[in-house]
1. Can you name the residue in the range 382-420 that is open to solvent by less than 30 Å² (accessible area, probe 1.4 Å) and among the polar types (S, T, N, Q) and is also farthest from ALA301 (Cα to Cα) among such residues?
2. If ALA187 satisfies every condition in (1) open to solvent by 30 Å² or more (accessible area, probe 1.4 Å); (2) in contact with an Asp or Glu (Cβ under 6 Å, 6 or more places away or on another chain); (3) touching a residue at least 40 places away in the same chain (Cβ under 8 Å) but one, which is the exception?
3. Only one of (1) open to solvent by 40 Å² or more (accessible area, probe 1.4 Å); (2) assigned to a helix (DSSP H, G or I) is not met by PRO55, so which one is it?
4. Is there any pair with a first residue in the range 390-412 that is within 15 Å of SER315 (Cα to Cα) and a second that is assigned to a helix (DSSP H, G or I) and charged (D, E, K, R) whose Cβ atoms are under 6 Å apart and which are 6 or more apart or on different chains, and what are they?
5. Would you pick out the residues in the range 292-350 that are under 25 Å from GLU250 (Cβ atoms) and β-branched (Val, Ile, Thr)?
6. Which one is modelled with the highest pLDDT among residues in the range 386-430 that are farther than 20 Å from LEU352 by Cβ and aliphatic (A, V, I, L, M)?
7. Output the qualifying pairs, or none if there are none: Cβ atoms under 7 angstrom, residues six or more apart or on different chains, first residue in the range 235-256 and closer than 13 Å to LEU303 by Cα, second residue β-branched (Val, Ile, Thr) and part of a helix (DSSP H, G or I).
8. If GLU250 satisfies all but one of (1) of a type in the set (D, E, K, R); (2) in contact with a helix residue (DSSP H, G or I) (Cβ under 7 Å, 6 or more places away or on another chain); (3) open to solvent by 40 Å² or more (accessible area, probe 1.4 Å), what's the number of the condition it fails?
Amino acid sequence: MAPPRSVASAKKAKAKARAAAHASARAGPAPTATTASSSTASASVETTTTTTEPPCALHVTNLSSALTATLQLLDTETAVPTLALDDDAFDAAHYASQLRAVGMHIKHGITKFALLHKEGGAAGPSAAASAEEVKNCATLAMQLYAHVATLPESRGAHLRSLHLSTARDILLALRALADGFLVAYGATVPTATETSEGDRKLGQHLLDTGIAWNCAETLKALPLTNRAAVALSWKAHVGLARDVAAEVKESVAEYEENDGDDDVDDFSSDDDSASGDDERSAAATDAVDPQEKAAQLARMAVLVKLATLAQSLSSRLSATLESSSDDTTTDVDAIRALDSLPPAADTLAAALDELGAAVAMPPLPAPCTPDARELRHHLLTVLGTWSMLLTNKAGAWTDAPWISGAVTSLDRARDAVNGEFPVDGSEQEE
């Protein structure tokens with residue numbers, strides 16, 4: 001017996017929420033009414049009500065403002081590279097060793113800054129001691145920005161983006177730490193028109209999850225080649241594809257077992273008999289004709305096969321990327337092929353989530369309806385994206401022995417989609 005419609009609705013909502021998450025990949029945590037208290041907790045300062053800011057507050061304010069300025073420089077560098085070295089002038093071994101060194105220095109600096117201002121209590125440490133640690137943290141933040149900005153674009157857009165975004169996360173967390181102490185001191189947290197509230201909340205979230213305290217380990221673990229960076233990103237997509245495939249199979253199995261009466265609430269009380277009558281009436285209306293159910297299952301089988309195929313191809317490509325040793329290529333087309341994988345993963349994830357949402361609450365939309373055309377669009381998006389990836393001759397993975405069989409499987413999947421979800425006269429073939 002299938003679960004109540006409320007369960008199916010929840011599954012559909014889960015898939016829809018995951019699809020929405022891909023539209024705003026770096027959205028910060030939801031606003032709360034306890035931001036100030038959360039910041040105070042992160043700073044771990046024991047406070048009492050005061051009316052006068054301690055002398056160190058000025059220096060901590062300067063640190064927060066300096067970090068905002070550094071973050072603005074980093075964002076500008078991400079959009080328009082100006083410090084990136086030419087490939088010939090770049091020493092990969094030196095970059096890696098300096099990245100590790102900067103990471104260790106920042107971790108040490110953050111720890112000293114936090115301990116000093118925590119032990120000072122509500123009065124804070126002396127102005128001189130605070131000024132020294134603030135200067136150290138601000139200098140290290142600038143060094144981190146300046147170092148990751150030198151990574152050449154020619155080494156791969158995804159690699160450079162990963163290093164810049166990781167540095168940004170660390171600086172956001174450090175600024176959240178400084179702001180937390182300001183709140184504890186009863187001082188005003190500096191704001192700037194260029195600083196979004198979302199970034200402030202993201203910084204607090206990153207601080208709470210420990211990136212500031214583990215920054216040395218985080219920077220040390222960063223991939224140093226574009227292939228490794230892309231492989232790391234793609235591995236996350238494999239997990240999502242696996243989850244969607246499992247959800248689609250589960251939803252279809254539940255629909256297949258459904259006898260048309262599963263939406264009736266067996267625990268309705270006499271007090272809500274009216275609503276119970278409505279539910280029973282709706283359940284009777286939902287009873288599925290055997291022929292219609294067979295047609296639905298045939299269409300759902302296509303979604304199951306496509307989701308399973310997408311999961312298999314994702315796993316195979318992930319294994320190929322991880323086992324590759326081609327980390328020294330400077331071929332522009334090969335690097336661009338690798339850089340195409342993360343956005344392709346986002347496209348696939350969004351389309352697969354839509355498929356999961358569609359099958360989570362059957363029946364599937366009737367043919368020749370707007371919803372049916374939208375579903376077909378998502379099916380063709382999965383097929384088209386995978387076809388593009390597998391036939392990209394610049395991609396090193398296209399030499400893998402499993403590629404030819406995968407292309408054949410995609411062709412068969414396309415035939416199945418066209419058979420159960422045919423194009424109608426109101427749309428153009430994709």
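1. So the residue we want is THR398.
2. Here ALA187 clears every test but (1).
3. (2)
4. TRP402/ARG316
5. VAL302, VAL304, THR308, THR347
6. Residue satisfying both the conditions and the ranking: ILE403.
7. ALA245/THR308; VAL248/VAL304; VAL248/VAL359; LYS249/VAL304; SER251/VAL359; VAL252/VAL304; VAL252/VAL359
8. (2)
The values are calculated or read from the model by the stated rules, or taken from the named source; none is laboratory data. Keep in mind it's a predicted model, so treat the numbers as computed, not measured. Positions of Cβ are backbone-derived with ideal geometry, glycine not excepted, and every protein chain shown enters the neighbour counts. Surface accessibility is based on the protein's heavy atoms, side chains included, excluding ligands, DNA and RNA. Shrake-Rupley method; radii C 1.70, N 1.55, O 1.52, S 1.80 Å.
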